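To start, the structure itself, in structure tokens.
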Amino acid sequence: MSRRCGPCRGACCFLWKAYLVSSASSWCAILCLTNWMWEPSEPCQGPAKPVNQSGMHVLVHGMMKTGTKSMAQALHRLGYATYHSEDFFTSVWTDVVDEYWRRPEQGGPRLATPFPPAHLGNGKSDVTVLNNTSPERLAEAFSRCGVQALAFDGIEKLFWPLYEVSPDVKVVSLSWRTYDQFRKSKSHFLWKMELIYYIYGLLCSAPHLLPYNYVLFPLFDRLSGGDITKWLHTGQPAPTLAGEGLARKFFRQSIGARRWWHHMRGGLHDVYQSREEYEAFFDEARRRVPPHRFFEWDMKRHTMKDLCMFLNISGHEGCDLPGPLPKVDNLFYIERANPYETMALVPLYLLLHYLNWRFLSLACRPCGRCCCRRAEKRAKEE
């Protein structure tokens, strides 16, 4: 390598090649090229509630950067099986989407992907599924995963369909920030999130260039005592709140593109580009939700005691926690919550990237030889 790139540019040449290999793996992950070979299509298998009953107890009405993660953590602390939007996409929504596109009239693929007919991540794919999903099916999907509380960060279009199939559900509205405060916090957050997940995504994409997961997924599941299968069947615990072991972390990172990244771009979120749109979002909830089931939460003023009083909870140790709700990490938070498991997977990803490098080198060698021969031939002719 040093002879080709020069003694002072060997490191740069190495990094450039590593970036090209990881980028190729990332595109394979984004396009879900190998998922059909190894990813199981197993929905939650818990008992379903009666028709049109989702089993939801609390809905957190708010968008990103309004305290949705802090509120979800508080509800989890009080004993509710709580989901954030990442958990919803991974455990509940992906199964609903796969089931819709699996219908014979839709083409019948086992897994929905960015390719036809599903076109995941095209800005409207999830809206199409939501508009064609009956209230009964939506309620059943939530009840089978045992979800009791949900924060709607990034899935605001889902709020009213779920509210309508959740009798007596209580709503905590995170309307405490002004539009200017919301826009400022959001702008500071988004670029950091995109950068971190882009860099870490390059690392985690290693298993996707070749179908390594055809072997690694059943191996991790067996060594963990079926931890991945149990999670798929129960939908619990939510990785954003309750942590995860090594096997589930590897599986979640492997399915992240298909079950999370594409759905974040599937159209269920609202953008709120003006003050009027932002305020209208909260005004609609004030009009439609009965006062005795509606609480406008102020992150700077309200405490766990206020939350317990609203939810009619008494005697729980979490109700006695002092002060406002603690601020929760927003960036890289699932990986930071389980640092040892996160770091334990790094050597595996690096090994797979090395194997990908060797594979691509061997695959491209005939092309390289052909180019060299042509170049030598031209040099001789000149």
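The values are calculated or read from the model by the stated rules, or taken from the named source; none is laboratory data. Here the structure is a predicted model, which means the values were calculated and not measured. Note: ideal-geometry Cβ built from the backbone for every residue, glycine included; neighbour counts use all protein chains shown. To get the accessible areas, we keep the full protein, side chains included, count just its heavy atoms, and leave off ligands, DNA and RNA. Shrake-Rupley method; radii C 1.70, N 1.55, O 1.52, S 1.80 Å.
Laid out as a table, the results:
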quantity	calculated
Selection count where residues are crowded, with 23+ Cβ neighbours inside 10 Å and within 20 Å of V147 (Cα to Cα), scope segment 253-282	3
Subset of segment 225-247 that is among the β-branched types (V, I, T) and buried (at least 17 other Cβ atoms within 10 Å of the Cβ) - its residue that is nearest to E335 (Cα to Cα)	T240
Number of the condition not met by A257 [criteria: (1) in a helix (DSSP H, G or I); (2) within 15 Å of the chain's Cα centre (by Cα); (3) within 27 Å of Y163 (Cβ to Cβ); (4) not basic (K, R)]	(3)
Test: residue in segment 53-68 that is more than 18 Å from the chain's Cα centre (by Cα), farther than 30 Å from K327 by Cα and modelled with pLDDT of 90 or more	yes
Close pairs from segment 108-126: first more than 14 Å from G266 (Cα to Cα) and hydrophobic (A, V, I, L, M, F, W, C), partner in a loop (DSSP other than H, G, I, E, B) and open to solvent by 30 Å² or more (accessible area, probe 1.4 Å), Cβ under 9 Å, at least 6 apart	L111/S41; L111/R102
Checklist (1) closer than 30 Å to N338 by Cα; (2) in a helix (DSSP H, G or I) applied to G266, failing item	(2)
Residue in segment 306-324 that is crowded, with 16+ Cβ neighbours inside 10 Å, touching a Pro at 6+ places or on another chain (Cβ under 8 Å) and not basic (K, R) present	no
Selection status of S205, in contact with a helix residue (DSSP H, G or I) (Cβ under 7 Å, 6 or more places away or on another chain) and either in contact (Cβ under 8 Å) with a residue 24 or more places away in the chain or open to solvent by 50 Å² or more (accessible area, probe 1.4 Å) (or both)	yes
Residue satisfying all of: in segment 64-94; open to solvent by less than 10 Å² (accessible area, probe 1.4 Å) and part of a loop (DSSP other than H, G, I, E, B); farthest from T240 (Cα to Cα) among these	T66
Residues of segment 163-193 that turn out to be polar (S, T, N, Q) and assigned to a helix (DSSP H, G or I), as a count	3
Among the residues listed as K157, K170, K192, the single one being at pLDDT 95 or above, open to solvent by 50 Å² or more (accessible area, probe 1.4 Å), within 21 Å of H84 (Cα to Cα) and out of contact with any His (no Cβ under 6 Å at 6 or more places or on another chain)	K157
Among residues of segment 95-146, those that are open to solvent by less than 20 Å² (accessible area, probe 1.4 Å), part of a helix (DSSP H, G or I) and in contact with a helix residue (DSSP H, G or I) (Cβ under 7 Å, 6 or more places away or on another chain), counted	9
Of residues in segment 290-300 being touching a Phe, Trp or Tyr at 6+ places or on another chain (Cβ under 8 Å) and assigned to a loop (DSSP other than H, G, I, E, B), the one most open to solvent (accessible area, probe 1.4 Å)	K300
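Conditions (1) touching a residue at least 40 places away in the same chain (Cβ under 8 Å); (2) assigned to a helix (DSSP H, G or I); (3) closer than 18 Å to T82 by Cα, marked per residue:
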{"site": "L241", "(1), (2), (3)": "yes, yes, yes"}
{"site": "K249", "(1), (2), (3)": "yes, yes, no"}
{"site": "H262", "(1), (2), (3)": "yes, yes, no"}
{"site": "E276", "(1), (2), (3)": "no, yes, no"}
{"site": "A285", "(1), (2), (3)": "yes, yes, no"}
{"site": "N312", "(1), (2), (3)": "no, no, yes"}
{"site": "P322", "(1), (2), (3)": "no, no, no"}
